[in-house]
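Enquirer: Take this structure, written in structure tokens, and hold onto it; I'll ask about it next.
No value in this document is a laboratory result; all are computed from the given coordinates. All values reported here derive from a predicted model rather than from experimental measurement. Here the Cβ is made from the backbone with ideal geometry for all residues, glycine too, and neighbour counts use every protein chain on show.
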Amino acid sequence: MLLNMRYEFNPSGNKIIDDLLKKFDNQIRIEYKQFNGNKDDCPSYIHKCIFLETLDFNINDWRKIREGNYWEIRDNLDGINQSKFILERVRDYQRNYN
């Protein structure tokens, strides 16, 4: 079964990253069924998005993402909502600084 994912496995040439991406994909396939085909509710899909979108980030990028009320909001969320919030902040940062 092939999912219509935003990020499907594409070999990077880096064995460690390729292995991680395959693990993400396998876990997403399992969770996809549990969440009735809604990949946006699959924790592994959200984590894979965060991983791929921040692969080249350094500590300064993360400091900018965590500025302001980041910790206050994040600490009041749990589970998938916390991960979605982090992904939202990462994407906001990318739009504003890249």
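Enquirer: Work out which GluC sites (Glu not before Pro) in the chain are exposed loop sites (DSSP not H, G, I, E or B, at most 16 other Cβ within 10 Å) and give the longest gap free of them.
Expert: 9-66
Enquirer: A follow-up question, please. Which residue, Asn58, Ile86, Ile28, has the largest displacement toward the positive end of the dipole of the chain when charges sit on each Cβ (Lys, Arg +1; Asp, Glu -1)?
Expert: The Cα lying farthest towards the positive end belongs to Ile28.
Enquirer: Sticking with this structure for a sec: Where in the chain lies the longest segment free of trypsin sites (Lys or Arg not before Pro) that are both loop residues by DSSP (not H, G, I, E, B) and have at most 15 other Cβ atoms within 10 Å? Write out the running numbers ahead of the final one.
Expert: On the way: sites that count: Arg6, Arg66.
Longest site-free region, per DSSP loop and neighbour criteria: 7-65.
Enquirer: Explain nothing, just the number: relative contact order of segment 15-97, from Cα pairs under 8 Å at least 6 residues apart, as a whole percent. Show your work: numbers first, answer last.
Expert: On the way: 45 pairs, mean separation 22.3, N = 83.
So the answer I get is 27 percent.
Enquirer: OK, next. Using a cut-off of under 20 Å, list every residue of segment 59-98 whose amide N is near the label point 7 Å from the Cα of Asp41 along the Cα-to-beta-carbon line.
Expert: Answer for segment 59-98: 77-88.
Enquirer: Considering the values (i) -0.37, -0.67, -1.13, -1.31; (ii) -0.52, -0.80, -1.07, -1.23; (iii) -0.32, -0.59, -1.08, -1.40, which represents log10 I(q)/I(0) by the Debye sum over Cα atoms at q = 0.11, 0.15, 0.21, 0.25 Å⁻¹ as calculated for the structure under consideration?
Expert: Label of the calculated value: (i).
Enquirer: With each label point set 7 Å from Cα along the Cα-Cβ vector, what nm distance links Phe85 and Asn69?
Expert: Label-label distance for Phe85 and Asn69, simple model: 1.1 nm.
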